[in-house]
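Below: the structure, in structure tokens.
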Amino acid sequence: MEVVEKEKKYITSEELKGHNKEGDLWISIQGKVYNVSDWVKEHPGGDVPISNLAGQDVTDAFIAYHPGTAWSHLEKFFTGYHLSDFKVSEVSKDYRKLASEFSKLGLFDTKGHVTSCTLASVAVMFLIVLYGVLRCTSVWAHLGSGMLLGLLWMQSAYVGHDSGHYVVMTTNGFNKVAQILSGNCLTGISIAWWKWTHNAHHIACNSLDHDPDLQHMPVFAVSSRFFNSITSHFYGRKLEFDFIARFLICYQHFTFYPVMCVARVNLYLQTILLLFSRRKVQDRALNIMGILVFWTWFPLLVSCLPNWPERVMFVLASFAVCSIQHIQFCLNHFAANVYVGPPSGNDWFEKQTSGTLDISCASSMDWFFGGLQFQLEHHLFPRLPRCQLRKISPLVSDLCKKHNLPYRSLSFWEANQWTIRTLRTAALQARDLTNPAPKNLLWEAVNTHG
């Protein structure tokens, strides 16, 4: 045993940090160092997660995102080096133990009938929408059909979300079909775009310069640190805090809900920009075909309404109902703690607890929120089927309490209050034309959640 130990080669964590640039990407998992410079191009989760965490130990993130079968593929990337100063925090030990227990209990594989029931409800809703538009002449029937279409989009998006995190169907092939159908074909939002942004969001949860889900300049800013025109490492450009941004942000606590009602327009635009960009996109042709399906049936359906006022009403009604989902995603993060800089693999659990808020509701409303009201549980165990999130919630809460970490579960009303308060705080700071930067760290700490 001593001979084996002497043959091991070691590098320090400081030396590992030097391997974090394009073409030279090393990571550590359980103290073993791997070179993933070439693999990053083939990584199913995209290049952003690896690029953001390169040069660090990423054991917790690896456990969170990969099934047990993934461990067998690591050896071909092994550099022969081990970390000489590899340590595991008490929080990480408990997190890994909890993940192992869930695996032994089969929770990651027990998906229930959520997906089949949701897809069935989506199919029924789609038929009702078609009947309401094509067979009914009442304006109220047309209004109700538009609202029901918004609910359909919400439920379909949850299927797309679930299928992006784990296999919800019997095979990977059927899972891809579910992704394209529920995302591209029915909602008009590309699953490729969703994977690109969503994986980055999970890895860099609430990092102002790495998490795209917080980068809504010039319309919204959740922190006055955006007033320094920080650079987005995700989009590769500076988020300018100019006159237009200042004007819009000054009133963001008033415009939040109206903007959410038309937020889908931005998602459609982002989808098109990605699919027709030079960036490498997995299954580009399949994604484009799915989007073409949406932009065939949706305009045709709207055109079947008798006049333009009813067409506008129908579209706005569907957007308004679906805005509840967009608002929910904002509630989960806007009022939570934020930071600047790349994510750290050494405080995975801490960063997820810091950057998320749960929304408490009765179990009868789980279908409506798609399980994502348990946002912290989902961020810690993204491969866990949504039907298991309520079951593990007490265990996550206990673990947070044990390590003195935040576990915030608010009612839907309270979460809205926290979010508007956060937006209002940043808006008032933006109105200070003489001093656009935060007055001081104490002032910002007192006036901003997190």
_Residues of the stretch 305-332 satisfying the condition of being outside any helix (DSSP H, G or I) and either open to solvent by 70 Å² or more (accessible area, probe 1.4 Å) or β-branched (Val, Ile, Thr) (or both)_ = Pro306
*Among the residues listed as Leu186, Leu214, Leu181, the single one being buried (at least 24 other Cβ atoms within 10 Å of the Cβ) and within 18 Å of Ile291 (Cα to Cα)*: Leu186
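Answer with yes or no whether Asp283 is surrounded by fewer than 19 Cβ atoms within 10 Å (Cβ to Cβ), farther than 24 Å from Asp211 by Cβ and at pLDDT below 95.
yes
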*Taking Gly80 as meeting all but one of (1) in contact with a helix residue (DSSP H, G or I) (Cβ under 6 Å, 6 or more places away or on another chain); (2) open to solvent by less than 30 Å² (accessible area, probe 1.4 Å); (3) of a type outside the set (Phe, Trp, Tyr), write down the number of the exception.*
(1)
*If you go through the stretch 247-260 one residue at a time, do you hit one that is assigned to a helix (DSSP H, G or I), open to solvent by less than 30 Å² (accessible area, probe 1.4 Å) and within 17 Å of Ala157 (Cβ to Cβ)?*
yes
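Conditions (1) within 29 Å of Arg284 (Cα to Cα); (2) among the β-branched types (Val, Ile, Thr); (3) assigned to a loop (DSSP other than H, G, I, E, B), marked per residue:
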{"site": "Ser28", "(1), (2), (3)": "no, no, no"}
{"site": "Pro49", "(1), (2), (3)": "yes, no, no"}
{"site": "Glu101", "(1), (2), (3)": "no, no, no"}
{"site": "Leu107", "(1), (2), (3)": "no, no, yes"}
{"site": "Thr115", "(1), (2), (3)": "yes, yes, no"}
{"site": "Val124", "(1), (2), (3)": "no, yes, no"}
{"site": "Gly132", "(1), (2), (3)": "no, no, no"}
_Single residue of the stretch 10-69 satisfying the filter (among the small types (Gly, Ala, Ser) and more than 26 Å from the chain's Cα centre (by Cα)) that is farthest from Gly80 (Cα to Cα)_ = Gly23
*asked:* Is it the case, given these coordinates, that Val124 is open to solvent by 40 Å² or more (accessible area, probe 1.4 Å), under 21 Å from Leu376 (Cα atoms) and in the same structural domain as Ser224 (by the TED database)?
replied: no
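The values are calculated or read from the model by the stated rules, or taken from the named source; none is laboratory data. Owing to the predicted nature of the structure, the values given are computational and were not obtained by experimental measurement. Glycine also receives a Cβ, built like all others from the backbone with ideal geometry; neighbour counts cover every protein chain displayed. Only protein heavy atoms, including side chains, enter the accessible area calculation; ligands, DNA and RNA are left aside. Shrake-Rupley method; radii C 1.70, N 1.55, O 1.52, S 1.80 Å.
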